[in-house]
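Student: This is the structure I want to talk about, given as structure tokens.
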Amino acid sequence: MKKQTAVFLGALSALTAAGGYLYHYENNCLQITRYEMKADMERPLKLVHLSDLHGKKFGKSQQKLIGGVMSCGPDLIAVTGDMVNGRNADQRELEETAQLLSALNDYAPVLYVAGNHEHHLGKRGFAAFRKVLSDHRIIVLSNEMVSIRAGGQNVTVLGMDEMEGAVDRQTLQTLMGDFEVQEGFRLLLCHYPARFALDGEDSYQNFCFDLMLAGHSHGGQIVLPGIGGLYSPDQGLFPKYYKGMYGDMPKLIVSGGLGPSFFPVRLFNRPEVVCVTVSPNQE
């Protein structure tokens, strides 16, 4: 009996250790996910996409995260919201997030569009956070478009802030109409991937651009092998747009995100830095 008990306790200890290692690995070890696509442009362009950090730390002063981004050699860094932990974010977290993005901005231009957690700061809190970001030279886009030089060429970025359906149809049609006629690579940023394929004429995929980047889905939180992501905040169980590349032209890439959500466990879904290499069609 003592021998059987010892074997049982040994097995239980081994399983507990393995579970602890798996939890740490799946929730803390960064994954670099690389995508390739082609577009009508002059020369290659390298993009990095970050989303849904929720105040999580990756090494002292975020050095592991910064190193992961730099390993991609980005010409432009796109951030699609929820980098802070909403109502629970204190001033220190806001400043540390701004410092992270400022450090990245020293390597390549950083463009930022808000998610629901930035708006959970409240109107005054979000306005104050936006000012902190602007003071660190981060370009924050709220239903507006900017043209920027990246990779030696013009890139037009439209940032859609769709918190609680804030963008009315006329505004959307006007913004998208102006966006469609821009020359060079056209990049759309929005926190919410479901906007890509809404029912009706407001669906983003109905418009002419090159690439949309989104987050919010946390990679489905838990990815079931052979099935896919389990849950997304705005799409419910077994979401269609949880992580990866979708569509033809335009294309959608959804980040699996970096940090925790209301359910702070990721499984088969490591924190993700997205790297996109865009090559000219003629290559």
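Student: Among the residues of segment 247-283, write down those that are closer than 23 Å to residue 209 by Cβ and of a type in the set (Lys, Arg).
Tutor: Result: 251, single match.
Student: Of the residues 228, 259, 215, which single one is at pLDDT below 95, closer than 16 Å to residue 80 by Cβ and open to solvent by less than 10 Å² (accessible area, probe 1.4 Å)?
Tutor: 259
Student: Exactly one of (1) closer than 30 Å to residue 107 by Cα; (2) of a type in the set (Lys, Arg); (3) touching a helix residue (DSSP H, G or I) at 6+ places or on another chain (Cβ under 9 Å) is unmet by residue 149. Its number?
Tutor: Residue 149 satisfies every listed condition except (3).
Student: Also, I was wondering about something else. Answer yes or no: is there a residue in segment 181-193 that is among the polar types (S, T, N, Q), buried (at least 18 other Cβ atoms within 10 Å of the Cβ) and assigned to a loop (DSSP other than H, G, I, E, B).
Tutor: Looking for residues that are among the polar types (S, T, N, Q), buried (at least 18 other Cβ atoms within 10 Å of the Cβ) and assigned to a loop (DSSP other than H, G, I, E, B), one finds none in segment 181-193, hence no.
Student: Would you pick out the residues in segment 114-161 that are in a strand (DSSP E or B) and basic (Lys, Arg)?
Tutor: If the condition is that a residue be in a strand (DSSP E or B) and basic (Lys, Arg), then 149 is the only one that fits.
Student: Hey, among the residues in segment 41-87 that are open to solvent by 10 Å² or more (accessible area, probe 1.4 Å) and hydroxyl-bearing (Ser, Thr, Tyr), which one's nearest to the chain's Cα centre (by Cα)?
Tutor: 71
Student: Suppose we filter 204, 242, 246 for residues that are crowded, with 20+ Cβ neighbours inside 10 Å, over 25 Å from residue 28 (Cβ atoms) and modelled with pLDDT of 90 or more; which single one remains?
Tutor: Only one candidate qualifies: 204.
The values are calculated or read from the model by the stated rules, or taken from the named source; none is laboratory data. Just so we're clear, the structure is a prediction, and the values are computed from it rather than from any experiment. Cβ atoms come from the backbone with ideal geometry, glycine included; neighbour counts cover every protein chain shown. Accessible surface is based on the protein model in full, side chains and every heavy atom, while ligands, DNA and RNA are left aside. Shrake-Rupley method; radii C 1.70, N 1.55, O 1.52, S 1.80 Å.
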